[in-house]
1. Taking amide H atoms as placed 1.01 Å from N in the peptide plane, list the residues 5 or more away in sequence, or in a different chain, whose amide H sits under 5 Å from that of residue 292.
2. Would you be so kind as to identify all helices of the chain, as entire DSSP H runs, whose Cα atoms reach 15 Å or more along the helix's own axis and whose mean Kyte-Doolittle hydropathy is at least -1.0?
3. I'd like the distance between the alpha-carbon centres of region 122-148 and region 34-59, rounded to an integer number of Å.
4. Using amide H atoms built 1.01 Å from N in the peptide plane, name the residues 5+ places from residue 65, or on other chains, whose amide H lies under 5 Å from its own.
5. What is the order of 158, 68, 219, fewest Cβ neighbours within 10 Å to most?
6. In which sequence would 86, 228 go, from the one with the fewest C-beta neighbours within 10 Å to the one with the most?
7. Which of these, 150, 13, 296, has the largest mean-square fluctuation under a Gaussian network model of the chain (Cα springs below 10 Å)?
8. Non-local amide H neighbours of residue 40 (under 5 Å, H modeled in plane, Pro and chain starts lacking H): which ones?
Amino acid sequence: MLPRSNSENDSRYEELERRASEASSVLRAAAEEQSAVLIATHFDADGISAGSIILSAVRRLGTPAHLRVVETLSDKAIEEIDAIDFGLVIFTDIGSGYLSLISKGLKNRRIIIADHHQPLGDVAPNMTHFNTHLFGFNGSSDVSGAGTAYLLARSLDRRNRDLSTMALVGCLGDQQDKGPKRTLTGLNAEILKDALELQLVEETQDLIFFGRQTRPVHRAISSTTSPFLPGLSNEEDKCLALLDKANIATKAEDRWRTISDLSIDEKRRLVDAVIQHIISLRLSGDIALELIGAVYTLTKEDPWTPLKDGREFATLLNAW
């Protein structure tokens, strides 16, 4: 079940749940017929996460599935999709802006669209359109394409709640961590609750440096550009000097230490050192406070790998 709104007059969640159930029924019927399912998804981190969620959900139904990653939808792309032998096509993180194109090119196909982008065009009778915008949820901050795909997968089978981690990776890749201290809001926050309940993710307040799980501390600092740290971003030597001045060891025996290896006291000293550095440049030290916020650690992934941290996982997918 989707979470209920605090307002008795607000039926957004009920309507969203109803549409998710409608879409999952179409998918379930195709699986019962052993119809092959084609999943077409967007090519960025959010889209790849969305496509992987639906691919996993379909495979668990025991029906054949094929995933196709697309940069955009065009007449040629639709023709190529139509040429593949399948009984159902599911568009994830793409499709709502191409309703007319899809209805024209795939008029003899069963179609599900699970998207969070602004819809454009009319929905054809052979389409089930599951779009969170239609129920008043902001597709830029409340839920991503992966989140929309996850809500569909969860409606299909509650056991698919273990796919919530990929929904979080997708929303982080879509830069939807727009709440206070880089937290998640809206439906993204509700999806996070599933992942926390299953102990698949840990949410903590920590330093948000790029590569906090994988890169040596000085490289994590120099690689960070959001926020941009004048005199430190892209300056590894100066970052090493900063760490030395703050008396923070960069190695443990022969292994480079990462941000995740630092103690709480070392992290405080690091922030203080960054603030003092920024102030010495006659800039506001408040920039350094943007380095502290919510981080999302995927508990089932191996430590010191790009998959352990949700934001780094998303960056890895974006580089695909």
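1. Under 5 Å from the amide H of residue 292: 208.
2. 12-32, 45-60, 145-156, 186-197, 264-280
3. Each part reduced to its Cα centre gives a spacing of 16 Å.
4. 37
5. Listing 158, 68, 219 from fewest to most nearby Cβ atoms yields 158, 68, 219.
6. Lowest to highest Cβ neighbour count: 228, 86.
7. Evaluated over the chain, the most mobile residue of the options is 13.
8. 68, 90, 91, 92
Here, each number is a calculation from the coordinates, and none is a lab measurement. None of the values given here were measured: they were computed from a predicted structure. Positions of Cβ are backbone-derived with ideal geometry, glycine not excepted, and every protein chain shown enters the neighbour counts.
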